[in-house]
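Peer 1: One structure, pasted below without further comment.
The values are calculated or read from the model by the stated rules, or taken from the named source; none is laboratory data. Bear in mind the structure is a predicted one, so any value in this text is a computation, not a measurement. Here the Cβ positions follow ideal geometry from the backbone for every residue, glycine too, while neighbour counts run over all protein chains shown.
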Amino acid sequence: MRCGHEIREAVIRRQVSAEEVTRAALASIEALEPTLHAYLCLLAERALKHARVLDQRIAAGDDPGPLAGVPVAVKDIFCVAGEVTTAGSKILANFRPPYSATAVERLEAAGAIIIGKTNMDEFAMGSSCENSAFGETRNPWDPSRVPGGSSGGSASTVGAGSVPIALGTDTGGSIREPASFCNIVGLKPTYGRVSRYGMIAFASSLDQAGPMTGCVRDAAITLGAIAGHDPRDATSVDEPVPDFCAGLRTDLNGIRIGIVPEFEEHIAQSDPDMAALYRRAYEDLRALGAQLVEVHLPHVRYGLATYYLIAPAECSSNLARYDGVRYGLRVETDKDVYTMFEQTRAAGFGPEVKRRIILGTYALSAGYYDAYYLRAQKVRTLIKRDFDDAFTQCDVIASPAVSCPAFALGAKTADPVAMYLMDYFTIPMSLAGVPALSVPAGYVRDLPVGLQLTGPAFAEAGVLGVAYAYEQATGHAQSRRPAVMAAAHR
Amino acid sequence: MTRVLGAAQAVAYEPVIGLEVHVELATESKMFCGCRNRFGAEPNTLVCPVCLGLPGSLPVVNRRAVELVCKTGLALGCSIAHVSKFDRKNYFYPDMPKNYQISQYDMPLATGGAVTLPSGKRIRLTRIHLEEDTGKNIHGGGAMAAASATLVDYNRAGVPLMEIVSQPDLTSPDEAGEYLAALKAVLSYLGVSDVKMHEGSLRCDANVSLRPVGTQDVGTKIEIKNMNSFRSVVRALQYEIQRQTDVLRAGERVVQETRTWDEERGLTYATRSKEQAHDYRYFPDPDLVPLHLDDEIVAAWRAELPELPLAKRDRFLAAYGLSRYEADLLTGERTTAEFFEAVVAHCGEPKAAANWLLGDVRRALDKHGLTLDATRMRPEHLATLICQVRDGVVSGRAAKEVCEILVRDGRHPAEVVAERNLAQVSDRVAIEALVGEVIAANPESVAAYRTGKAKAFEFLVGQAMKASRGRANVELVRTALRARLG
């Protein structure tokens, strides 16, 4: 399948109907599902109905928007009215929300066809998609490997070319890491840029929705569609939404790109091949006209520890509502209501979710709050200041997105800390709330790897601009083909 | 001073009492969503994804609720925080949709201030904060654990709730009652709440400890819950003070715990020990941003405050020549005070207006289960009735009958007087005839009067009034009786 903006042009010009595009996407997904298991449910009837309405509107001379007729997959963490929304958890296996997430409503208002709900780590807790209660998703570049997580299903289906665009969420790297593993573009916007309403919460102060796409232009278009203040989300920011496509550029003249020695040391120790790839990427940026400058982020080495106090603390409270009283799983018991709570939660949550609820409950407990949660918030402020300082010296920071390419299924499931370390390069940006993107940067041991580009708050246009120039100049995503791919790409 | 253990019986104790009052705010919509805030609707009809805590739903602060809390704070002399925030209070309970309550922990909207009792004593406040109410569990029977089924009504979940915490400045149960009455008066003046304790829009928990009289010791604090009226607060405190006195006099220690008031049995019983106390794991709610209030908005709210009960009482004392007792009662509720002033504006008789409102009007309201808000009687109707009595158009006794009809049916007094033929009889001939009948029918009383029994005269007056169904002009009856009996 082509890029989303190309599909839109073809649909608007009536070279192809939205219904045909939708059927092709559904066919591709169905063909690949036995291998990839990227979806928790397909919304075929709903999608075809919307596509037909859209075709009628186009026939009547309407312009249904910047994503007209483009099939889009959404992570199963986004509520879609009347459709089962599980967040990858057994505890919500039967939950049908009576409303849609703002991001979903805005995608549909832009003409997108929501094609299905993608697999994910349970409640977005994980970096491999193996924590889904409904089975793991596989990587289209090598089905014996993970697609990354938690937005693994979205990354896998876009990476395989079944849909050009998917919606993911990123709390500590859940868009960027799987984007890197599946050779696609993944953008975590500024915290507050996209409404969280109707997006099932993991860690409220970190969660952010963003596009996962085959190309940078589609990321810019999708962000434009979903961004903007939402009166239903008090943390969404009333900041003007620019035309993100207007900032796309093909040279980097006059752009200062920050390189972070703290990150480079870490990648050099983790994987010399990775370090070499990123060095080439920085040289490519320089060749495009950018000036490389060294910037320090002295506190990022505390990022992981900080994150694993704040995120579990928030999740322990956010997930308290899953008690079997009002919706979702209920384990019936003859005993009292607290026994029902306990048995429901024991049966409904997977081990990683339980681990984080316990971590977070502990971190918030009387006597520990100051030492853990409060201290973590202070470090978070320091990390935020690091980025503020760095952006006085550069426009965009370039860094690794990940410390290795996609790993084998099961390789890290027994070692939670090894799994947590996968987010080493992505967590600091989440803590600082700044926008960051992963763009395909080439291959290590024949597996794709992403380059992370980070900008100041609300400077997504600048980040997308650099990513576009790099993508156009290097063409890494187009230079090879995944092992598992949609027929249209063959 | 040292005390010998054996002399413990001799020690006199005094109570130290602090109150936590929860007030449901009379906003149009709930605290964090657009659902209507209304009492008594069909269960679970005033709910939405937000107040049901559905996955992905998010709270948005109701600015009107913030305004009402700040106005309460301003009326009570609190300082209003320029920056405050909302926190999550985490605990599991089935009437709480998210299993946490959005409340304010360490940065409440208002701090300081005081409630002034009628005596002039100031009961200092610690803080006033804003939170959301929970739903209501309706048990199938017995205690929750034993109930066959428990139903939950979430209509109340998310209703804005203001918590007013006093310092332990109260020294008797009666003072606690006065505090609640004074606070209720301020709240009703501000119009921030319905302040109906029986509907739960005003709820009160009490903290009480004892210390030897004259010391500044800090005794072990007991929290009492489940008091459903001002009277039950006073009773529960009386009971608890006696209980703790007995414990101390027996040479034992008071154990820190939460106790529940049992209205029917008139006692408190332990429900939660210190060891069982929740760790609420408060932390700032990441779904909400800190609340900033600038000086302009606070000044604007201050300018909108109405005249408050104590100021109004002092003005009533000075302007209307009322007794302190009357002024206190009339200014206890804003509706009563405003009704009174409207009546006075129409008839110019403040003393009579006070008498009627605090006497016959109050009795008629109670009899028909009405309140001044709910009655259709208009101030000008009562004013007309007062003028009719003053001008001798109706007798005092007939006016009482008219008053009840005014309260019950909201009709014009002239209409009622005409319809019921209640106009006062001042016709001399008719009065003479009436008096003649009474004398003829009560020879024993006449004889008794003539032997010097003054009481007998009043009896005969009463008989004449009764015979005329209260319509006879009582002064003319007296004159005629005196003339006939010599």
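Peer 1: Might you check whether a residue that is touching an Asp or Glu at 6+ places or on another chain (Cβ under 6 Å) and in a strand (DSSP E or B) occurs anywhere in segment A:443-451?
Peer 2: yes
Peer 1: Condition first: closer than 30 Å to B:Leu248 by Cβ, at pLDDT 95 or above and not in a helix (DSSP H, G or I). Can you find one or more residues in segment B:176-184 that meet it?
Peer 2: The answer is no; no qualifying residue exists.
Peer 1: Here is a follow-up. So if I check each of A:Arg106, A:Arg96, which one is closer than 25 Å to B:Ser57 by Cβ, within 12 Å of chain B (Cβ to nearest Cβ) and surrounded by fewer than 24 Cβ atoms within 10 Å (Cβ to Cβ)?
Peer 2: After applying the criteria, what remains is A:Arg96.
Peer 1: Ok, one more. Conditions first: (1) at positive phi; (2) within 13 Å of chain B (Cβ to nearest Cβ). A:Asn183 passes all but one, so which condition is the exception?
Peer 2: (2)
Peer 1: Output the number of the condition that B:Gly18 fails; it satisfies all remaining conditions of (1) touching a Ser or Thr at 6+ places or on another chain (Cβ under 8 Å); (2) farther than 30 Å from A:Asp323 by Cα; (3) at pLDDT below 95.
Peer 2: Of everything listed in (1) touching a Ser or Thr at 6+ places or on another chain (Cβ under 8 Å); (2) farther than 30 Å from A:Asp323 by Cα; (3) at pLDDT below 95, B:Gly18 misses just condition (3).
Peer 1: Right, next: Could you tell me whether any residue of segment B:18-29 is within 14 Å of chain A (Cβ to nearest Cβ) and either more than 21 Å from the chain's Cα centre (by Cα) or surrounded by 23 or more Cβ atoms within 10 Å (Cβ to Cβ) (or both)?
Peer 2: yes
Peer 1: Filtering segment A:186-215 down to residues that are within 11 Å of chain B (Cβ to nearest Cβ) and polar (S, T, N, Q), which residue is nearest to A:Glu471 (Cα to Cα)?
Peer 2: A:Ser195
Peer 1: Related question: Any chance you could count how many residues in segment B:320-339 are touching a residue at least 24 places away in the same chain (Cβ under 8 Å) and assigned to a helix (DSSP H, G or I)?
Peer 2: Within segment B:320-339, residues that are touching a residue at least 24 places away in the same chain (Cβ under 8 Å) and assigned to a helix (DSSP H, G or I) number 11.
Peer 1: Next up: Condition first: in a loop (DSSP other than H, G, I, E, B) and within 27 Å of A:Leu92 (Cβ to Cβ). Can you find one or more residues in segment A:342-356 that meet it?
Peer 2: So far as segment A:342-356 goes, yes, one or more of its residues are in a loop (DSSP other than H, G, I, E, B) and within 27 Å of A:Leu92 (Cβ to Cβ).
Peer 1: Starting from residues that are in contact with an Asp or Glu (Cβ under 8 Å, 6 or more places away or on another chain) and surrounded by fewer than 23 Cβ atoms within 10 Å (Cβ to Cβ), keep the ones in segment B:400-412 and report whichever is nearest to B:Gly369 (Cα to Cα).
Peer 2: B:Glu404
Peer 1: Looking only at segment B:171-203, count every residue that is more than 21 Å from B:Gly77 (Cβ to Cβ) and buried (at least 17 other Cβ atoms within 10 Å of the Cβ) and tell me the total.
Peer 2: Number satisfying all stated conditions: 6.
Peer 1: Report yes if A:Gly192 is at negative phi, surrounded by fewer than 24 Cβ atoms within 10 Å (Cβ to Cβ) and among the small types (Gly, Ala, Ser), otherwise no.
Peer 2: Taking the combined requirement at face value, the residue does not satisfy it.
Peer 1: Hey, among B:Thr335, B:Thr375, which residue is β-branched (Val, Ile, Thr), in contact with an Asp or Glu (Cβ under 7 Å, 6 or more places away or on another chain) and surrounded by fewer than 22 Cβ atoms within 10 Å (Cβ to Cβ)?
Peer 2: B:Thr335
Peer 1: For residues that are farther than 23 Å from B:Gly53 by Cα, outside any loop (DSSP other than H, G, I, E, B) and not charged (D, E, K, R), scanning just segment A:360-376, find the one that is modelled with the lowest pLDDT.
Peer 2: Looking at the filtered set, the residue picked out is A:Ala371.
Peer 1: With the condition being over 28 Å from A:Arg193 (Cα atoms) and either at pLDDT 95 or above or among the hydroxyl-bearing types (Ser, Thr, Tyr) (or both), I'd like the helices (runs of 4 or more DSSP H) fully within segment A:244-328 carrying at least 3 qualifying residues.
Peer 2: In segment A:244-328, A:261-270, A:272-287 are the helices (runs of 4 or more DSSP H) which contain 3 or more residues that are over 28 Å from A:Arg193 (Cα atoms) and either at pLDDT 95 or above or among the hydroxyl-bearing types (Ser, Thr, Tyr) (or both).
Peer 1: Given the criteria within 14 Å of chain B (Cβ to nearest Cβ), under 20 Å from A:Gln452 (Cβ atoms) and touching a residue at least 40 places away in the same chain (Cβ under 8 Å), does A:Ala311 qualify?
Peer 2: Judged against the criteria, A:Ala311 is a match.
Peer 1: Of the conditions (1) part of a helix (DSSP H, G or I); (2) within 14 Å of another protein chain (Cβ to nearest Cβ), A:Gly82 clears all except one; give me its number.
Peer 2: (1) is the only condition that A:Gly82 fails.
So that you can scan it fast, the table gives a plain yes or no per residue for (1) touching a helix residue (DSSP H, G or I) at 6+ places or on another chain (Cβ under 7 Å); (2) part of a helix (DSSP H, G or I); (3) within 24 Å of B:Glu333 (Cβ to Cβ):
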position	(1), (2), (3)
B:Ala364	yes, yes, yes
B:Gly369	no, no, yes
B:Leu372	yes, no, yes
B:Gln388	yes, yes, no
B:Gly392	no, no, no
B:Ala398	no, yes, no
B:Leu406	yes, yes, yes
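Peer 1: Filter segment A:323-368 down to residues that are facing chain B (nearest Cβ under 10 Å) and of a type in the set (Val, Ile, Thr) and give me whichever is surrounded by the most Cβ atoms within 10 Å (Cβ to Cβ).
Peer 2: Filtering segment A:323-368 for residues that are facing chain B (nearest Cβ under 10 Å) and of a type in the set (Val, Ile, Thr), the one surrounded by the most Cβ atoms within 10 Å (Cβ to Cβ) comes out as A:Val325.
Peer 1: For segment B:241-293, give me each residue that is of a type in the set (D, E, K, R) and within 14 Å of chain A (Cβ to nearest Cβ).
Peer 2: Selection gives B:Lys274, B:Glu275, B:Asp279, B:Arg281, B:Asp285, B:Asp287.
Peer 1: Looking only at residues in segment B:39-84 that are in contact with a Phe, Trp or Tyr (Cβ under 7 Å, 6 or more places away or on another chain) and away from chain A (no Cβ under 14 Å), which one is nearest to B:Glu304 (Cα to Cα)?
Peer 2: Among those residues, the one meeting the criterion is B:Lys71.
Peer 1: Also, I was wondering about something else. Exactly one of these conditions fails for B:Asp87: (1) within 14 Å of another protein chain (Cβ to nearest Cβ); (2) over 27 Å from A:Phe78 (Cβ atoms); (3) touching a residue at least 40 places away in the same chain (Cβ under 8 Å); (4) surrounded by fewer than 18 Cβ atoms within 10 Å (Cβ to Cβ). Give me its number.
Peer 2: Result: B:Asp87 passes all but (4).
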